[in-house]
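What follows is a set of notes on a single structure, which appears directly below.
The values are calculated or read from the model by the stated rules, or taken from the named source; none is laboratory data. Keep in mind it's a predicted model, so treat the numbers as computed, not measured. Here the Cβ is made from the backbone with ideal geometry for all residues, glycine too, and neighbour counts use every protein chain on show. The protein model used for the area step is the full one, side chains on, heavy atoms only, and it has no ligands, DNA or RNA in it. Shrake-Rupley method; radii C 1.70, N 1.55, O 1.52, S 1.80 Å.
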Amino acid sequence: MTAEGYVASLTHPRYGRRMPDHTHFGFRDVPLTDKQALVDDVFHKVARRYDLMNDLMSGGLHRAWKDALVTAINPPKSGRDFALLDAAGGTGDVSLRTIEAGGSGTRATVADINAQMLGVGRERAAERGLDDVVTFVDANAESLPFPQQSFDAVSIAFGIRNVPRIDVALKEMHRVLKLGGHFLCLEFSNVDVPGLDALYELYSFNVVPAIGRAVVGDAEPYRYLVESIRRFPRPNAFAEMMRAAGFARVSHRSMSGGIVALHSGWRL
Ligand code: SAM
């Protein structure tokens, strides 16, 4: 969706006025104040099976996408101190991968609004003996409980489209980043390879909810996830939002035919 399309889609169908107090929850227009509770309900339902579902839905591809993200985060291999904030970090997958890729000075903070997702993450970190280097914090990306300029890098993977006020969260992530720090956002994007687009559409709207029903016992959360991908701004529109939040040298690259994009920006 273009930036204009995104704004137009928030326009009241009868009165033609933009509804600034409304946003999307999948294909539904909902009051801005309702979205977070609806999103929280989705992740409460899927938390236990979240990582398994990622493997099943993406055929394991999410691992390659997250590897690309961790390579871009570029934690130092030396013992130099390096602090990552992984916003909307869920079960801590990106943080754990970053710790494993980095040297002895690498630390990660997972900030997520959902206690169930954080709980699964804490267990995983403890199982791997990494609970002393990964911290889990119950936090809303729109209001991060960290001082300004605290982190060398801030990442958000498949999280930003779930946040009700994307512009507010981008400003917060910019605020907590150190000068010279790197912001990276991995998010679903727009498939624009002829042939693959139709196949992807069919797979997303039919196979993904069916896998959800079989594994989690409910297709609805996965219908939301698929719909929310279609409502997310196109990469160029999102790049504009990043610039508006203060990020410099903004760029993105598409992966897997446009299924996902890795967005990059710097605090300079
Ligand atoms: N980043 C993780 C990953 O890639 O595996 C989890 C991604 S999951 C699709 C989206 C996450 O965003 C969920 O854990 C959800 O609780 C979190 N989330 C949604 N709204 C949020 C908000 N306002 N602040 C922080 N986290 C939020």
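Quick rundown of the values:
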{"quantity": "For Gly181, distant residues with modelled amide H under 5 Å away", "calculated": "Arg267"}
{"quantity": "Rounded FRET efficiency, nearest 0.05, which uses the C-beta distance separating Asp192 from Ala37 and R0 of 45 Å", "calculated": "0.85"}
{"quantity": "Mean Cβ neighbour count within 10 Å, used as a protection proxy, ranking 235-241, 212-218 highest first", "calculated": "235-241, 212-218"}
{"quantity": "Residue-wise HN-Hα coupling along segment 185-196, computed from phi with Karplus coefficients 6.51, -1.76, 1.60 (Hz; x: Gly, Pro)", "calculated": "10, 9, 8, 4, 9, 10, 6, 10, 9, x, x, 5"}
{"quantity": "Environment charge of Phe158, counting only residues whose C-beta is closer than 15 Å and scoring Lys/Arg +1, Asp/Glu -1", "calculated": "-2"}
{"quantity": "Protein-only accessible surface order, largest first, of Thr135, Thr71, Thr106 at 1.4 Å", "calculated": "Thr71, Thr135, Thr106"}
{"quantity": "The chain: angle of helix 166-175 to the longest principal axis, Cα-based, in degrees nearest 10", "calculated": "20 degrees"}
{"quantity": "Segment 188-268: radius of gyration over Cα atoms, expressed as a fraction of 2.2 N^0.38 Å", "calculated": "1.31"}
{"quantity": "Net charge contributed by nearby residues that have their C-beta within less than 11 Å of Ala169 (K/R +1, D/E -1)", "calculated": "+1"}
{"quantity": "Point-charge dipole on Cβ atoms (K/R +1, D/E -1) for the chain, about Cα centre, debye to 20", "calculated": "500 debye"}
{"quantity": "Rg over Rh, two decimals, the chain (C-alpha only, Kirkwood Rh)", "calculated": "0.95"}
{"quantity": "Rough spin-label spacing in nm, given labels placed 7 Å along Cα→Cβ, for Trp266 and His44", "calculated": "4.3 nm"}
{"quantity": "Separation of the Lys171 and Arg213 label points, Cα + 7 Å toward Cβ, nm", "calculated": "4.3 nm"}
{"quantity": "Reachable aspartates and glutamates from Lys35, criterion Cα separation under 20 angstrom, eight or more residues apart if same chain", "calculated": "Asp21, Asp112, Asp138, Glu142, Asp167, Glu172, Glu187, Asp218, Glu220, Glu227"}
{"quantity": "Where His22, His182 fall by accessible area, highest first, once all protein chains stay in place (1.4 Å)", "calculated": "His22, His182"}
{"quantity": "Solvent-accessible ranking of Leu202, Leu196, Leu144, largest area first, probe 1.4 Å", "calculated": "Leu202, Leu196, Leu144"}
